[in-house]
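Report on one structure; see the data block that follows.
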Amino acid sequence: MNREDIGSGDLREAQPMALPYSDDLRSKLLEAYAAGAGSLRELAVQFRVSWGYSKKIRAQQLQTGSKQRLAQQRHGPPSRIGEAAQERLRTWLIEQPDLTEEELRQRLAATGVVVCKSRVGQLLRTLGMKRKKNRSMPSSEILSPTSSGGGNSLSRSGRSRRRS
């Protein structure tokens, strides 16, 4: 969807995220400014953009020498877990699928990659590797003894007596 596609009535109904102006519009405004067709303020009115936007793209052109939009910068520090560490995680989980996130974190630390346990969990979810037990599996048939020494009062289905 382009800015031209959005009518004035559409903006009140749904507020989509702001769309960037096209590189074509940037180029035309900057070419008009270079040709002396007017000041940045006058050209901003003519091209229906803000004066701040015209100042920003002119400053970017002076800084980079290009009329094209700058590439989006990644925010935050780069990840400590690179492709090699991700591959090691996959290999460890294939070899031993019951490893906990803490055990995986310790193994990563032994290879020089120091991260917290929650970061390991985030990475595993990103890789599509779930660490939760499957709740659709039947419950264990082994009943644990209670503190009074008697049998377990739960039914075989494992449901709580309060819920029934």
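Laboratory data are not the source of any read-out in this text; all were calculated from the coordinates shown. Note that the coordinates shown come from a computational prediction; the quantities given were computed from them, not determined experimentally. FYI the Cβ positions are ideal-geometry reconstructions off the backbone, even for glycines, and counts take in every protein chain you see.
Scanning region 51-65 for residues being exposed (fewer than 12 other Cβ atoms within 10 Å of the Cβ) and of a type in the set (S, T, N, Q) gives a total of 2. Residues that are under 24 Å from Ala18 (Cβ atoms) and among the polar types (S, T, N, Q) were ranked within region 34-50; the one that is surrounded by the fewest Cβ atoms within 10 Å (Cβ to Cβ) is Ser50.
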